[in-house]
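Enquirer: Quick one: the structure is below, and I'll ask about it shortly.
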There are 2 protein chains.
Amino acid sequence: MTRRRSATLRDVATSAGVSRTTASYILNGRADEMRIASATVAKVQAAVADLGYRPNRSARSLRTQRTATVGLISDQIAGEQYGSSMLTGASVAARELDHLVVMGESGGDPDLERLLIEEMLERDVDGVVYATRTARAIQLPRGLRGVRSVLLNCEDPREQLASVVPDDEGGGRAAAAVLLAAGIEDVVVVGEDPALDATAGPRRMAGIRAELATRGIEVADHVACDWSVPDGFEAASQWLAGGGRAAGLICMNDRLAMGVYQALAEAGLRVPEDVSLVSFDGSSLADWLRPAATTVELPFADLGALAVRRLLDPEDPGGTVSVPMTVRHGGSVRPR
Amino acid sequence: MTRRRSATLRDVATSAGVSRTTASYILNGRADEMRIASATVAKVQAAVADLGYRPNRSARSLRTQRTATVGLISDQIAGEQYGSSMLTGASVAARELDHLVVMGESGGDPDLERLLIEEMLERDVDGVVYATRTARAIQLPRGLRGVRSVLLNCEDPREQLASVVPDDEGGGRAAAAVLLAAGIEDVVVVGEDPALDATAGPRRMAGIRAELATRGIEVADHVACDWSVPDGFEAASQWLAGGGRAAGLICMNDRLAMGVYQALAEAGLRVPEDVSLVSFDGSSLADWLRPAATTVELPFADLGALAVRRLLDPEDPGGTVSVPMTVRHGGSVRPR
DNA sequence: GCATATTGCTGACACGATTCAGCATGTGGT
DNA sequence: ACCACATGCTGAATCGTGTCAGCAATATGC
């Protein structure tokens, strides 16, 4: 780090002809409280501008135990296709509150996770956001007990913690509502949650069921498969080969939708002429399909931003906040 | 930050019955150099383990001017689909060298960029990685002059700086070589660089030309369009409608390839029976196509990791390092 | 037996900020 | 003339570490 040896508070004080104490009070906005003459304030401010003074954060942190830095621990969100927007959201929100984000990815390894948490606490981060790639139930890592923290895209059912998640149930209702509004009552769902602790699937499913129930309808069929393109293709192909047909399909995510598009195309079925389709996630992949898929957006950036804002808000009441998912219309739904 | 008031060096020293100085030397691995009796070393280590001592980083930084932290400034890499793997790579490499990553995204705003750089320097990061979403020529931000830094996925042609970029020209040669090896000599390239300062396109193109030249061949045609799915679809559709045909297509990235697949399908042409196709990036999108596209991988994680390693290596000689791009074979190329 | 090295350790200062307690000086009330 | 009080500032301690210079005790050389 070659960098001009920067001015210290002492330099400012000397240059302005006051004590370090006085300069410090002024710089921390305590001038009024300390009844400092406005002429003095002006002198100090001039010295600051003149010397290009910037406080040394390490020194300040040593005294105050605050670093204006938040930690963001995740299993995998950085390398992830779309979830990485949570990082952007978090980073932007942190900046707005004069903080920076220190990130660490555990890759799912609990030992590494412990290490990263320790490293962050050593560095006196002002709080930690604990994020997961997929929405699910987790257990708060031991190292974060008693540490100011917010869960992002996950919840700990055992503890009463601040946590920020997407409103998957509302999203499920919205998806079903799109099909109902198009006059479609024959709805098949593609995709089942692979992991036991995953919350997105069950909640979306509950929302879909609830919305259909308002018309006295039930889900016509549920095609089970993992949430990936090839699995979607395989499962949908088999379903179609077995005579499966439906006016409306709901895919648990956009990747599945891509696989389903492929299967439909090979079976000679067209979207939306023969089948209407709605999916989840709101990734750009949905836009790239032909026609673009109507998809219920996961507000990743908002989730990340909200997590940081709650972390840094001393008034935050805690508890889970569900962020709404909104429908982005493509051309994959056609009214009957 | 509610956290147990942790043990300090003084506590350790008292508990072990030695001076702070001695304890400090031992903890910094200078026991031998300072000829400290092994019995004393053992006593101190026991005290450390007993008290769960962890050094206070702020205090240490104040003395040493080092924070065991590196800054990572980018325009957009976090929110980006695949480039975000650079973050993962950087984070992992940093951890291996006992550092953490502080990230900041400017979103391309120079003012915000300046601010982020200032914030990081205030926090005494040990160095800064300056990354861009797309490979291109840049001008080193003023605030980083004289600061230890490494450019990631970009270069400053005016300055002799350490920088880590993909070997796009080698990638271009590799792409062409795949087609040549399949006996295809009729090669059309899809995609032209949209931005003036972008380096990926021209370099890939140069590589393709060079490889073809070894057989005395030239690129048969160049379909100009932006590097996105819809643009790829539009451009390829028009080209096909105008009678364009080729045995081999090289797409400048995987998104373009997806658009081209769509256009080919609508024109009734099949990959790889009628047309062989190679693309760039190595994103998962290439795997999702049917058949999976043969693609020249952009080693994002390696790039990020290497940038951090070079940043933290005092012996690093500087200059540009090009990381090889390797071919990932899908089913989109068929020998003639 | 004395000068000199070596061994093993410590005292004290510095890093750059925050903050408590207190010290002059002026001002108003009685 | 004296006390009380507000005004405007400062000295000194503190946060937890790193490190230079030096000190006492023992070993070594001749």
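Enquirer: Of the residues B:207, B:216, B:232, B:191, which is touching a strand residue (DSSP E or B) at 6+ places or on another chain (Cβ under 9 Å) and without any contact (Cβ under 8 Å) to a residue 60 or more places away in the chain?
Expert: B:232
Enquirer: Taking residue A:305, is it part of a helix (DSSP H, G or I), under 13 Å from the mean Cα position of the chain (by Cα), under 28 Å from residue A:78 (Cα atoms) and within 13 Å of chain B (Cβ to nearest Cβ)?
Expert: Yes.
Enquirer: Given (1) within 24 Å of residue B:143 (Cβ to Cβ); (2) assigned to a helix (DSSP H, G or I); (3) open to solvent by 70 Å² or more (accessible area, probe 1.4 Å), where does residue B:93 come up short, assuming only one miss?
Expert: Among (1) within 24 Å of residue B:143 (Cβ to Cβ); (2) assigned to a helix (DSSP H, G or I); (3) open to solvent by 70 Å² or more (accessible area, probe 1.4 Å), the lone unmet condition for residue B:93 is (3).
Enquirer: Sticking with this one: Which of the following residues is within 24 Å of the chain's Cα centre (by Cα) and modelled with pLDDT under 95: B:314, B:324, B:299?
Expert: Sole residue among the options that is within 24 Å of the chain's Cα centre (by Cα) and modelled with pLDDT under 95: B:314.
Enquirer: So which residues in region B:245-274 are open to solvent by 10 Å² or more (accessible area, probe 1.4 Å) and small (Gly, Ala, Ser), if there are any at all?
Expert: Across region B:245-274, the qualifying residues are B:246, B:247, B:265, B:267, B:268.
Enquirer: Just a yes or no: is a residue in region A:119-137 within 24 Å of residue A:252 (Cα to Cα) and surrounded by fewer than 17 Cβ atoms within 10 Å (Cβ to Cβ)?
Expert: Yes, the conditions are met somewhere in region A:119-137.
Enquirer: Could we say that residue A:50 is in a helix (DSSP H, G or I), open to solvent by 40 Å² or more (accessible area, probe 1.4 Å) and of a type outside the set (Lys, Arg) here?
Expert: yes
Enquirer: Name the pairs: first residue in region B:8-24 and within 6 Å of DNA strand D (Cβ to nearest atom), second residue assigned to a loop (DSSP other than H, G, I, E, B) and open to solvent by 40 Å² or more (accessible area, probe 1.4 Å), Cβ to Cβ under 8 Å, at least 6 apart or on different chains?
Expert: Final answer for the pair search is B:8/B:56.
Enquirer: Name the one entry in A:48, A:92 that is touching a helix residue (DSSP H, G or I) at 6+ places or on another chain (Cβ under 7 Å), in the same structural domain as residue A:146 (by TED's automatic domain parsing) and away from DNA strand D (no atom under 14 Å from the Cβ).
Expert: Among A:48, A:92, only A:92 is touching a helix residue (DSSP H, G or I) at 6+ places or on another chain (Cβ under 7 Å), in the same structural domain as residue A:146 (by TED's automatic domain parsing) and away from DNA strand D (no atom under 14 Å from the Cβ).
Enquirer: Scan region A:198-237 residue by residue and report those that are among the charged types (D, E, K, R) and surrounded by fewer than 22 Cβ atoms within 10 Å (Cβ to Cβ).
Expert: Across region A:198-237, the qualifying residues are A:203, A:209, A:215, A:218, A:221, A:226, A:231, A:234.
Enquirer: What tally of residues in region A:150-174 results from selecting those that are among the polar types (S, T, N, Q) and touching a Phe, Trp or Tyr at 6+ places or on another chain (Cβ under 6 Å)?
Expert: Within region A:150-174, residues that are among the polar types (S, T, N, Q) and touching a Phe, Trp or Tyr at 6+ places or on another chain (Cβ under 6 Å) number 0.
Enquirer: When residues of region A:284-336 are filtered for being of a type in the set (Val, Ile, Thr) and over 30 Å from residue A:127 (Cβ atoms), how many remain?
Expert: Looking only at that region, the number is 5.
Enquirer: A follow-up question, please. Could you tell me whether region A:154-167 includes any residue that is crowded, with 23+ Cβ neighbours inside 10 Å and at positive phi?
Expert: There is no residue in region A:154-167 that is crowded, with 23+ Cβ neighbours inside 10 Å and at positive phi.
Enquirer: If we scan region A:64-85, do we find a residue that is open to solvent by 30 Å² or more (accessible area, probe 1.4 Å), modelled with pLDDT under 95, within 16 Å of DNA strand D (Cβ to nearest atom) and part of a helix (DSSP H, G or I)?
Expert: Scanning region A:64-85 turns up at least one residue that is open to solvent by 30 Å² or more (accessible area, probe 1.4 Å), modelled with pLDDT under 95, within 16 Å of DNA strand D (Cβ to nearest atom) and part of a helix (DSSP H, G or I).
Enquirer: Look through region A:182-197, keep the residues that are over 17 Å from residue A:279 (Cβ atoms) and not charged (D, E, K, R), and return whichever of them is surrounded by the fewest Cβ atoms within 10 Å (Cβ to Cβ).
Expert: Filtering first and then ranking leaves A:196.
Enquirer: For region A:88-102, how many residues meet the condition of being among the acidic types (Asp, Glu) and either in contact (Cβ under 8 Å) with a residue 24 or more places away in the chain or closer than 15 Å to residue A:66 by Cβ (or both)?
Expert: Final tally of qualifying residues: 1.
Enquirer: Report, by residue number, each residue of region A:21-73 that is away from chain B (no Cβ under 14 Å), among the small types (Gly, Ala, Ser) and either farther than 14 Å from residue A:8 by Cβ or more than 10 Å from DNA strand C (Cβ to nearest atom) (or both).
Expert: Of everything in region A:21-73, those that are away from chain B (no Cβ under 14 Å), among the small types (Gly, Ala, Ser) and either farther than 14 Å from residue A:8 by Cβ or more than 10 Å from DNA strand C (Cβ to nearest atom) (or both) turn out to be A:29, A:31, A:37, A:38, A:39, A:42, A:46, A:47, A:49.
Enquirer: Name the single residue that is farthest from residue A:118 (Cα to Cα) among those in region B:25-35 being surrounded by 17 or more Cβ atoms within 10 Å (Cβ to Cβ) and touching a helix residue (DSSP H, G or I) at 6+ places or on another chain (Cβ under 6 Å).
Expert: Per the criteria, the residue is B:31.
Enquirer: May I ask you to verify whether residue A:105 is closer than 28 Å to residue B:288 by Cα and either of a type in the set (A, V, I, L, M, F, W, C) or open to solvent by less than 60 Å² (accessible area, probe 1.4 Å) (or both)?
Expert: Answer is yes for this residue.
Enquirer: Restricting attention to region B:308-336, report how many residues are under 30 Å from residue B:265 (Cβ atoms), open to solvent by less than 50 Å² (accessible area, probe 1.4 Å) and outside any loop (DSSP other than H, G, I, E, B).
Expert: Residues in region B:308-336 being under 30 Å from residue B:265 (Cβ atoms), open to solvent by less than 50 Å² (accessible area, probe 1.4 Å) and outside any loop (DSSP other than H, G, I, E, B): 1 in total.
Enquirer: Continuing with the same structure: Of (1) of a type outside the set (A, V, I, L, M, F, W, C); (2) surrounded by fewer than 18 Cβ atoms within 10 Å (Cβ to Cβ); (3) closer than 26 Å to residue A:330 by Cβ; (4) in contact (Cβ under 8 Å) with a residue 60 or more places away in the chain, residue A:170 satisfies all except one. Which?
Expert: All conditions pass for residue A:170, except number (2).
Enquirer: Considering region A:82-131 alone, what residues qualify as being more than 8 Å from chain B (Cβ to nearest Cβ) and under 15 Å from the mean Cα position of the chain (by Cα)?
Expert: A:83, A:86, A:89, A:90, A:93, A:94, A:128, A:129, A:130, A:131
The values are calculated or read from the model by the stated rules, or taken from the named source; none is laboratory data. Keep in mind the model is a prediction, meaning the values are calculated, not measured. Positions of Cβ are generated from backbone atoms using ideal geometry, with glycine treated the same way; all protein chains shown enter the neighbour counts. Ligands, DNA and RNA are stripped out before the accessible areas are found, and what is left, the full protein with its side chains, is counted by its heavy atoms. Shrake-Rupley method; radii C 1.70, N 1.55, O 1.52, S 1.80 Å.
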